[in-house]
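Heads up, the thing below is written out as structure tokens.
The values are calculated or read from the model by the stated rules, or taken from the named source; none is laboratory data. Quantities reported herein were computed from a predicted structural model and do not represent experimental measurements. All Cβ positions, even for glycine, are placed from backbone atoms using ideal geometry, and neighbour counts span all protein chains on display.
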């Protein structure tokens, strides 16, 4: 774009502006006003010619009857062509619409109207179309000052010359919380009351005028707001967000109401230590709350959570349970009959039934008071009295008996206060140092004696162990020897049996052999006999053939030959002739035949 083109565009734009202004100025000269779509026209009348209402009354700033000044009526968006809007008599200011964003509310204050009266600090509600109709507001008795009615989110055509609108956040109460309300308008509270009673018809304090008409009281309110969003005028009521009242598991919530009608006592003649009233009355409610969350105003009601499970309280310095009821209790110091001071720790277990919880609170006001006013002096005094009747050593030795007696005595004492004593336990007992040294030395000596005795028994056992071990080590050889003896016995017995068997076998064999021999002998004898007889017969025959002397010589030679002896020399020399020579020659021939040895007969 060159310089000439730019100059041309600027010239055209300037001409259009001049024409527009000239156009508006020209229209305005003839009483014509143009109000844009997002604005409203506030009219100011500069003067009024003649008449009784030429000027506004004293104290008024908005004209309703054509007086000079700010006019109540505004000009709506559009073209207004009435000739009465002459520029020399009227001026028109264009103001934007009043817009209340989401999450905001509009707080309104009026600059004109009836003055506030009757001690009120907020102007009452007037039907004026959410302050868009200023004329209706003023004509219906609208009051000057902060207004009780708020403007919800939206866009409004409001005469800002009369009303000032301020945006404030809406009230939002989160889950598990409640809103405690304090109002700045209403009747004064009766004497002795701390909060206004609940009234209906005001839509949770969002309609302040309805609250006042219903007879609501100024100040703290008994009614609370639950979780949600509320269009409450902060100039009418302030809201404090607090946690819901919680009654934990294993607890009973005893309600103490500071508001309400005075209730009659419902405990009867059996309980004279405090009054219990019905729910909703002022005082301690006879019916406790069960575990859960409750939308209770903590400024008008107090809920004392009483444990219904067993509670352990420790009389031990520096030791406390989670409930913190015993955080101020300390170790009990007592004095024995022999003049020694010593300390002992005690734990007391108590139980309060659900239905007795209101009685305990009616009598003591809180669980802390129960501990400090009853449990602490009762238990402390019992052990101080018990210690004075015993010396330290005896007290230590009789601890189980002391504990059992304490359980019994303290249980009987607490029954009168609607408190059950479950158990009493004695913890650490700390005697004086000088006494502890004596006891320690004695105990050490006893323990050393026990140690020595234990060591002696250990040596005896060790000796027995060594003997048993030696026996066990030789047991294998003993077993082998025993087995060897048994085997030898078995072998000897086997040998005996074998010898007996062999003897019997030999006897049998000998008997058999004897029989055989006997039979053989008999047979041989018979044979020999028969052979002898036969040979005798032969010999007889031979004898008969030869003479007796020759036969004898032959038999003798035969017998000698059969003996195997060399009785005849190899060379025989004989005599001459005769019978003897013949016999000798025959004998020599027989020997030679028998011995296969040549025999030489030498002849003489």
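Worth pointing out:
- Scanning the range 246-299 for residues that are out of contact with any helix residue (DSSP H, G or I) (no Cβ under 9 Å at 6 or more places or on another chain) and at positive phi yields 250, 260, 268, 280, 292.
- Considering residues of the range 67-89 that are at pLDDT 80 or above and part of a loop (DSSP other than H, G, I, E, B) only, the residue surrounded by the fewest Cβ atoms within 10 Å (Cβ to Cβ): 76
- Those residues of the range 125-144 which are over 30 Å from residue 32 (Cα atoms) and surrounded by fewer than 20 Cβ atoms within 10 Å (Cβ to Cβ), in sequence order: 125, 127, 140, 141, 144
- Condition check for residue 473: at pLDDT 75 or above and surrounded by fewer than 10 Cβ atoms within 10 Å (Cβ to Cβ): yes
- Residues of the range 148-178 that turn out to be touching a helix residue (DSSP H, G or I) at 6+ places or on another chain (Cβ under 9 Å), part of a strand (DSSP E or B) and in contact (Cβ under 8 Å) with a residue 60 or more places away in the chain, as a count: 3
- Filter result for residue 181 (surrounded by 15 or more Cβ atoms within 10 Å (Cβ to Cβ) and touching a strand residue (DSSP E or B) at 6+ places or on another chain (Cβ under 6 Å)): yes
- Taking the criterion of being over 42 Å from the mean Cα position of the chain (by Cα) and closer than 15 Å to residue 357 by Cα, the only residue of the range 260-271 that qualifies is 266.
- Screening residue 369 against (1) at pLDDT below 90; (2) outside any loop (DSSP other than H, G, I, E, B); (3) assigned by TED's automatic domain parsing to the domain that holds residue 321 leaves a single unmet condition, (1).
- Among the residues of the range 92-108, those that are in a strand (DSSP E or B) and loosely packed, with under 15 Cβ neighbours inside 10 Å comprise 96, 99.
- Among the conditions (1) modelled with pLDDT under 95; (2) more than 44 Å from the chain's Cα centre (by Cα), the only one that residue 237 does not satisfy is (1).
- Taken together, 439, 465, 396 contain a single residue that is part of a helix (DSSP H, G or I), outside the structural domain of residue 325 (by TED's automatic domain parsing), over 30 Å from residue 364 (Cα atoms) and in contact with a helix residue (DSSP H, G or I) (Cβ under 9 Å, 6 or more places away or on another chain), which is 439.
- Check on residue 212, surrounded by 21 or more Cβ atoms within 10 Å (Cβ to Cβ) and out of contact with any strand residue (DSSP E or B) (no Cβ under 6 Å at 6 or more places or on another chain): yes
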